[in-house]
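Scroll down for the structure; my scribbles are underneath it.
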Amino acid sequence: MNRFPVIIKTIYFKFSAAFAFFLILFPGFVPLPARAAERPPAGPPEFVLKLSAVAPEGTSWADTAHKFQKYVEQKSAGRIKVIWYLGGIMGDEPDEFLKIKMGQLQGAGLANVGLGMIAPETRILSLPFLFNNSAEIDFVLDRMQPQFQRLFEEKGFYLAGWLDIGFSYWFLQSPVESIQDFPKCRMWAWKKDPVITEFAELLGFQNVPVGFPDLLMALKTGQLDSFYSPLYAALALQWYAYAKYIIDLPFTLPPSAIVMDMKFLAGLPPDLRKTIKEGWDLYLPELRKISRVDNEKTYQGFLKEGIKEIKLSEENVKAIREKARPLNQKFIGQYYPAWLLTRLQDTLAEYRSQKK
């Protein structure tokens, strides 16, 4: 069902059609070569750091993961071996969370579902229309980092750093003209993503619960005809091939971060613990910048390749925003305390007042 032409026959990327589109959007991309030249000095490592992410090879996310890997292995002189399990081979985010708890992984790149299982308070960050742009979330996360770091440490996790996977959009196989058309859409409901699932119900979408690894098959078989996703993720994971329309209304910026097992870090010598933290501090800010550029390019690429843009009327946008408004208060006590919402709103107000 892929509507994009295959312009290269390489097998470096798992999905050839998706890789072809990658080259259209990102012409400077070079497939990852064999990494023999990046091997650390000979000798068995003292520690093995196993990390997981749903990001597939060939993406800027995976490229940054390998940069971190190289940095840690070389800076530690081979005392730490880093192993990445990419492309979702460790399962959905709840699976990754459990594998960290069981000691099978020492860390993972998680989005709103996985982070919410560790620290439910982070669900506050995925409230619809909470942020207007990435600059706002950078300001909020920087100011509130101590609070969020403490929440994770209380659960036995180290918050290594925030990612930015971009704002989510609705992708559809059939056009809609207004919010009254939403009930005809069979929308993806990511299991254990209660904030966005409830928002979709308020808007009238037919929620169809499907796990993250099963979404592509659900789209192929017609179980779903609609989904929500950040732009670059829809491209990298090949979901875009099953969408004919995109609603030009970014509605949530799902939180995403690298988290690690505190017990593993505590068991490392101080110098190695410092090396790992330095690696994250070096590459995660760079990845956030790259991801934002990737998302901008991807949106324009979708339009050029035939995905039609739906612009809802101001009246409909206002109605959608009004549907989201009660959620802020609804989840107080269920996922986050009232003080956290107040602190977040005050921090946002501070930033916006500076920009007037």
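So the values come out like this:
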| quantity | calculated |
| --- | --- |
| Flag if E286 is more than 26 Å from S126 (Cβ to Cβ) and of a type in the set (D, E) | no |
| Criterion (within 22 Å of T64 (Cα to Cα) and not assigned by TED's automatic domain parsing to the domain that holds S126) met by exactly one of Q223, Q206, Q238 | Q238 |
| Search result, residues across the stretch 42-79 that are buried (at least 22 other Cβ atoms within 10 Å of the Cβ) and farther than 20 Å from I290 by Cβ | L49, S52, E73, S76 |
| Options L344, L303; residue that is over 27 Å from Y242 (Cβ atoms) and within 23 Å of the chain's Cα centre (by Cα) | L344 |
| The stretch 123-147, subset in contact with a strand residue (DSSP E or B) (Cβ under 8 Å, 6 or more places away or on another chain), in a helix (DSSP H, G or I) and in contact (Cβ under 8 Å) with a residue 40 or more places away in the chain, residue farthest from Y85 (Cα to Cα) | I124 |
| The listed residue being modelled with pLDDT of 95 or more, out of contact with any His (no Cβ under 9 Å at 6 or more places or on another chain), part of a strand (DSSP E or B) and hydroxyl-bearing (S, T, Y), out of Y228, Y240 | Y228 |
| Enumeration of residues in the stretch 148-205 that are at pLDDT 95 or above, among the charged types (D, E, K, R) and not in a helix (DSSP H, G or I) | K155, E177, R186 |
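Matching residues to (1) surrounded by 19 or more Cβ atoms within 10 Å (Cβ to Cβ); (2) in contact (Cβ under 8 Å) with a residue 24 or more places away in the chain; (3) in a helix (DSSP H, G or I):
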position: A234; (1), (2), (3): yes, yes, yes
position: P255; (1), (2), (3): yes, yes, no
position: W280; (1), (2), (3): yes, yes, yes
position: S291; (1), (2), (3): yes, yes, yes
position: K297; (1), (2), (3): no, yes, yes
position: E322; (1), (2), (3): no, no, yes
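The values are calculated or read from the model by the stated rules, or taken from the named source; none is laboratory data. Keep in mind that what you see is a predicted model, and the values were worked out from it rather than measured. Neighbour counts are summed over all protein chains in view; Cβ atoms, including those assigned to glycine, are modelled from backbone coordinates with ideal geometry.
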